[in-house]
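Here is the structure we will look at, set down as structure tokens.
The values are calculated or read from the model by the stated rules, or taken from the named source; none is laboratory data. All figures in this text were calculated on a predicted structure; none of them were measured in a lab. Note that each Cβ is placed from the backbone with ideal geometry, even for glycine, and that neighbours are counted across all protein chains shown.
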Amino acid sequence: MKWLENLLVVNQIAREGAWIEVFSRALNIYTGRLKGLRIEGETEQAKKEKMRTQLKTFIETLVSQTIAQFRTQTTLTKETVADNCALLIRVLIEFSIEIGEPVFLFEALQDQLKRAGLENEFSSEIKLYILAGTFSECIIPEKVLEEGILRNFKKILRERPEENLAENFEKVLLNLRFESCSKKYLE
């Protein structure tokens, strides 16, 4: 069985709340921890690249399905839906880091979460990873740095001056690479 077919089967039979299992299976296939599935490609690098491309498309679909499932389940409280969305965002962050695709996280997935109305939740979750230095070695696209991270932090600093957020903002600046960022956002 091909690896993508395997994921589709797992996704179809996944029960309510089993979306984490699908992410886990996808990651195990990508990292080679799950053996016996056919991956087409001539070289190991070609196989990985093809798999990464197909995996990103699969993940975008899975995210849409998962968010829709959270919101349509009448048995879940508002707080449970919020907790599930926060967990989904953390899983997406970890997943993107593991497959070496922070640009996918900051562009495609962040846009998808924004369209789903989860922009603030994404900002809250990603802030913790940035402050921890998780992305200090990654070159993050200028658009993401300027429009997402820096503008968001500057807005929070203006809106809540009573909180000591300047120290956190300084940590953000130290933990990101600003090679392509225009100077107007760094002032």
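If only one of Glu121, Glu125, Glu101 is surrounded by 15 or more Cβ atoms within 10 Å (Cβ to Cβ) and in contact with a Phe, Trp or Tyr (Cβ under 9 Å, 6 or more places away or on another chain), which one is it?
Numbers: Glu121 fails: in contact with a Phe, Trp or Tyr (Cβ under 9 Å, 6 or more places away or on another chain); Glu125 fails: in contact with a Phe, Trp or Tyr (Cβ under 9 Å, 6 or more places away or on another chain).
Only one candidate qualifies: Glu101.
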Just the residues that are over 16 Å from Thr31 (Cα atoms) and either within 15 Å of the chain's Cα centre (by Cα) or assigned by TED's automatic domain parsing to the domain that holds Leu88 (or both), please, taken from region 41-57. Thr57
Residue match in region 72-84 (condition: out of contact with any helix residue (DSSP H, G or I) (no Cβ under 6 Å at 6 or more places or on another chain), surrounded by 14 or more Cβ atoms within 10 Å (Cβ to Cβ) and modelled with pLDDT of 85 or more): yes
Qualifying residues in region 107-121 (those that are outside any helix (DSSP H, G or I) and hydrophobic (A, V, I, L, M, F, W, C)) - the one nearest to Ile140 (Cα to Cα): Leu118
Just checking, how many residues over region 10-35 are modelled with pLDDT under 65 and not β-branched (Val, Ile, Thr)? 6
State all residues of region 104-118 that are of a type outside the set (Gly, Ala, Ser) and either buried (at least 16 other Cβ atoms within 10 Å of the Cβ) or touching a Cys at 6+ places or on another chain (Cβ under 6 Å) (or both); if no residue qualifies, say none. Phe104, Leu105, Phe106, Glu107, Leu109, Gln110, Gln112, Leu113, Leu118
